[in-house]
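Report on one structure; see the data block that follows.
The values are calculated or read from the model by the stated rules, or taken from the named source; none is laboratory data. Remember, it's a predicted structure, so these values are computed and weren't measured experimentally. Every residue, glycine as well, gets a Cβ built from its backbone with ideal geometry; the counts of neighbours run over all protein chains shown.
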Amino acid sequence: MADIKLTLVVACALIDVDNRVLIAQRPEGKALAGLWEFPGGKLEPGERPEATLIRELQEELGITVREACLAPLTFASHAYDDFHLLMPLYICRRWEGDVAPQEGQNLAWVRVNKLRDYPMPPADLPLIPHLLDLLM
């Protein structure tokens, strides 16, 4: 059996005061362009998941998140054709600054029961029921 490359990506469900969840559209030129996903990114070598989220949320959205405000919720494990994705999902209800796209991506604040109206990567879909349980 061939070795499968394991890719570790961390994602965050930012939840606003109205219990809406932030999703971002993958820009043209990236894999899965046009699909909507929870913000986050790949871990750098030696980086902890929480540190990755803090860095990625600053880079992608211009907000400052403290580690104490990140709570692990669930994770996704998904086999793509050429790699296996393992993706912990954290929730965050508190951050500093205004959420604004830093990389030209589209953003949407969405009620959790409307998340399925947005096309998402296959790895993100199993996360939705956990958010429904939490927010409905």
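Some points to look at:
- Qualifying position, being closer than 20 Å to residue 132 by Cα, among the charged types (D, E, K, R) and surrounded by 17 or more Cβ atoms within 10 Å (Cβ to Cβ), among 56, 37, 50: 37
- Tabulated pairs, the stretch 16-42, first in contact (Cβ under 8 Å) with a residue 24 or more places away in the chain, second of a type in the set (A, V, I, L, M) and exposed (fewer than 11 other Cβ atoms within 10 Å of the Cβ), C-beta under 7 angstrom, 6+ apart or interchain: 26/33; 27/33
- Residue match in the stretch 76-83 (condition: surrounded by fewer than 18 Cβ atoms within 10 Å (Cβ to Cβ), at pLDDT 95 or above and not in a strand (DSSP E or B)): no
- Scanning the stretch 1-30 for residues that are small (Gly, Ala, Ser) and either under 15 Å from the mean Cα position of the chain (by Cα) or not in a loop (DSSP other than H, G, I, E, B) (or both) returns 11, 13, 24.
- Residue in the stretch 92-104 that is of a type outside the set (Val, Ile, Thr), outside any loop (DSSP other than H, G, I, E, B) and without any contact (Cβ under 8 Å) to a residue 40 or more places away in the chain present: yes
- Among the conditions (1) surrounded by fewer than 17 Cβ atoms within 10 Å (Cβ to Cβ); (2) in a loop (DSSP other than H, G, I, E, B); (3) of a type outside the set (Gly, Ala, Ser), residue 120 misses just one, which is (1).
- Under the condition of being part of a strand (DSSP E or B) and not small (Gly, Ala, Ser), the residues counted in the stretch 31-61 number 3.
- Members of the stretch 62-75 that are in contact with a Cys (Cβ under 6 Å, 6 or more places away or on another chain) and in a strand (DSSP E or B): 70
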